[in-house]
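Here's the structure, in structure tokens; my notes come after.
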Amino acid sequence: MSAGKKPDGRLRAAYLLRIHSYVDIAVISMWTNNPRVDVMLGMVEASLRGGSPGGADDAVLEAVRPLVSEARAYLADGEFLAAMGRMRVAHDTLALYVIQLADD
């Protein structure tokens, strides 16, 4: 992408859908009590680091980051319901944002 050019909606949606799929995998891992669930949550956290393409979607990433961090901490403390609640909000926030992108 050249300097000063705004990323198109397809690139932005693809970037966010990748993160959304990581959240999917982490949520399923949480439900199945997968022994690698912490690794999956770490993968979600890593995918949320940095900025979005062109910075256009940084606000949604900033909203989701603390939810995933809180979920990981709650799960480590054995508080499954609180952790799952945070992950569901993160998941839905990303999904609704991508839907909004499709309308733009």
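The values are calculated or read from the model by the stated rules, or taken from the named source; none is laboratory data. Every value quoted in this text rests on a predicted model; they were computed, and no experiment measured them. Virtual Cβ from ideal backbone geometry, glycine too; neighbours counted across all protein chains shown. Each accessible area value is taken on the protein alone, full model and side chains, heavy atoms only, with ligands, DNA and RNA left out. Shrake-Rupley method; radii C 1.70, N 1.55, O 1.52, S 1.80 Å.
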Can you tally the net charge around Ile19? Count Lys and Arg as +1, Asp and Glu as -1, for every other residue whose Cβ sits under 11 Å from the Cβ of Ile19.
0
Kindly write out, for the range 96-101 in residue order, the coupling ³J(HN,Hα) from the Karplus curve 6.51 cos²θ - 1.76 cosθ + 1.60 (θ = phi - 60°), rounded to whole Hz, with x marking Gly and Pro.
5, 5, 5, 4, 4, 4
Exposed-site-free run, longest, the chain (rule: trypsin sites (Lys or Arg not before Pro); DSSP loop; at most 13 other C-beta within 10 Å)
50-104
Explain nothing, just the number: dipole magnitude of the chain about its Cα centre with +1 on each Lys and Arg Cβ and -1 on each Asp and Glu Cβ, in debye rounded to the nearest 20.
300 debye
Carbon and sulfur atoms account, in whole percent of the 1.4 Å probe accessible area of the range 22-69, for 57 percent
Rounded to the nearest 0.05, FRET efficiency between Asn33 and Asp92 (Cβ-Cβ, R0 25 Å) equals 0.65
Please work out whether the range 41-104 counts as rounded, prolate or oblate from its C-alpha gyration tensor, where a ≥ b ≥ c are the square roots of the eigenvalues and a/c under 1.5 means rounded, while otherwise a/b larger than b/c means prolate and anything else oblate?
oblate
Find the accessible area per residue for the chain; the probe is 1.4 Å, ligands and nucleic acids are left out, and the unit is Å².
57 Å²
Diffing the range 18-27: the Karplus 3J(HN,Hα) column from phi (6.51, -1.76, 1.60, θ = phi - 60°), in whole Hz with x for Gly and Pro, holds 4, 5, 4, 5, 5, 5, 3, 4, 5, 5
I'd like the GluC sites (Glu not before Pro) in the range 27-104 restricted to DSSP loop residues with at most 15 other Cβ atoms within 10 Å, sorted by number.
Glu79
The chain - mean residue ellipticity at 222 nm from DSSP helices (-39,500 (n - 2.57) per run, n ≥ 4, rounded to 500):
-25500 deg cm²/dmol
Net charge (Lys, Arg +1; Asp, Glu -1) of residues whose beta-carbon lies under 14 Å from that of Arg65, Arg65 excluded, is -2
